[in-house]
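Structure first, commentary second.
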Amino acid sequence: MIKVLGIESSCDETSVAIVADNKNIIEHEIYSQIEAHQPFGGVVPEVAARSHMDYLGNMISRIMTQAKLTYNDLDAIAVTAGPGLIGGVIVGVMYAKAIAAASHKPIIAVNHLEGHALTVRLTNEVDFPFLLMLVSGGHCQLLIVYNVVQYMLLGSTMDDAAGECFDKVAKMLGLGYPGGQIVEQRAKNGKYNRFKFPRPLLGRSGCDFSFSGLKAAVKRQIDEIKELTEADVNDVCASLQHTISEILQSRMINAFKICAREAPKVNTIVLAGGVAANQHIREKLSLAASEYGFDFVAPPIKLCGDNAAMIAWAGIERYKLGLTDNINFIPRSRWSLDLL
Ligand code: KG4
Ligand code: ZN
């Protein structure tokens, strides 16, 4: 059995995992730094890097002990090598390199986006090729995933990512950070059709996204009301969540049409990234997918956000293909997927 240690430290989650190729997550810990960043209303890169330094070493030791494994029992070390906040990425990469060097094990430099993309192959039975909607705080893309290393970009955001839009509106409403989860909670008690927010690019062909006009419209609405009641806040949240889900749905349907024409083997849509945790969005996209004859798959909520199990799994997929890396690899703050 192949066993890989995974390390993730590209943003504000410090996470470590040991995953086996029989899809067993042997150990997994996610430490969220939310409290450290909350006073600043967003992630502060330097605070994040220092926090990864404070926690990562102990977390790795703890899961190795709990799993009753030594480094010698591992087949490889997989680590997020980018894209992300470079200070945090460097912390994870240095730990991974030190363990790999000391134990003479191969190291695998994983692209964080590839980790999100492949998570469903750990939690579900999903074969290549599949359509991927990757929606997180930093990314909003539609891609065809042909295999572990080959992706075709159908469209991406021209300005903000969907998660960023949730976060920025939450900040405007004084709801704190991170916004997506809080907006989802508040939306449960709100009226989704009270405010008619714009849905940029709706009705146009293609798979590009735009959220900055929506964000600006929500700001204008908030300024217009001036003194927001709790009910107003709930209604803004519900209307925003509904609008974002409609934007995502329209782009996804355009992607279905492209697949029908150009990639008829693609009949599964995977929703991944932090925003995939949103129940309303999952339900709306799942319904639309079934109308178009596509299977809809999203990882369990716990594995939608940043986590090391997805990095360990991507490491396993690469290891099986013989794709290990030279220990001299350089961490990267920017790194797009290998596009066809
Ligand atoms: O994938 P992720 O953990 O980190 C990045 O790689 O960006 O995604 C974080 C993003 C944040 O913008 C957060 O607000 C959003 O995912 N998010 C959600 C929900 N949970 C997290 N957005 C909407 N609804 C949620 N339940
Ligand atoms: Zn992520």
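Within the range 273-283, is even one residue within 21 Å of Thr119 (Cβ to Cβ) and acidic (Asp, Glu)? Yes, the range 273-283 contains at least one residue that is within 21 Å of Thr119 (Cβ to Cβ) and acidic (Asp, Glu). Return yes when Leu287 is under 28 Å from Lys191 (Cα atoms), of a type in the set (A, V, I, L, M, F, W, C) and surrounded by 19 or more Cβ atoms within 10 Å (Cβ to Cβ) and no when it is not. No. Taken over the range 151-171, the criterion of being more than 11 Å from ligand 1 (Cβ to nearest atom), surrounded by 15 or more Cβ atoms within 10 Å (Cβ to Cβ) and not in a strand (DSSP E or B) is satisfied by Asp159 alone. The sole residue among Ala288, Ala312, Ala276 that is more than 14 Å from the chain's Cα centre (by Cα), more than 30 Å from Pro106 (Cα to Cα) and outside any loop (DSSP other than H, G, I, E, B) is Ala288. Of Ile247, Ile253, all but one fail to be on the phi < 0 side of the Ramachandran plot and in contact (Cβ under 8 Å) with a residue 40 or more places away in the chain; the exception is Ile247.
Of the numbered conditions (1) at pLDDT 95 or above; (2) over 19 Å from Ala277 (Cα atoms), Ala238 fails exactly one; give the number of that condition. Among (1) at pLDDT 95 or above; (2) over 19 Å from Ala277 (Cα atoms), Ala238 violates only (2).
Just one of (1) touching a Ser or Thr at 6+ places or on another chain (Cβ under 9 Å); (2) over 26 Å from Ile258 (Cβ atoms); (3) more than 16 Å from ligand 1 (Cβ to nearest atom) fails for Phe296. It is (2). Somewhere in the range 207-218, is a residue within 22 Å of the chain's Cα centre (by Cα), assigned to a helix (DSSP H, G or I) and of a type in the set (Val, Ile, Thr)? No, because not a single residue in the range 207-218 is within 22 Å of the chain's Cα centre (by Cα), assigned to a helix (DSSP H, G or I) and of a type in the set (Val, Ile, Thr).
So that you can scan it fast, the table gives a plain yes or no per residue for (1) within 16 Å of ligand 2 (Cβ to nearest atom); (2) over 24 Å from Ser333 (Cα atoms); (3) modelled with pLDDT of 95 or more:
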| site | (1), (2), (3) |
| --- | --- |
| Val4 | no, no, yes |
| Ile26 | no, yes, yes |
| Ile34 | yes, no, no |
| Pro39 | no, yes, no |
| Pro45 | yes, no, yes |
| Ala48 | yes, no, yes |
| Tyr55 | no, no, yes |
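Residues that are within 16 Å of Asp306 (Cβ to Cβ) number at least 3 in the following strands (runs of 3 or more DSSP E) confined to the range 22-116: 25-32, 76-82. Ile86 meets all of the listed conditions (1) more than 16 Å from ligand 2 (Cβ to nearest atom); (2) surrounded by fewer than 24 Cβ atoms within 10 Å (Cβ to Cβ); (3) among the β-branched types (Val, Ile, Thr) but one, namely (1).
The values are calculated or read from the model by the stated rules, or taken from the named source; none is laboratory data. Please read these numbers as outputs of a predicted model, since none were measured by experiment. No Cβ is skipped: glycine too gets one built from the backbone with ideal geometry, and neighbour counts run over all protein chains shown.
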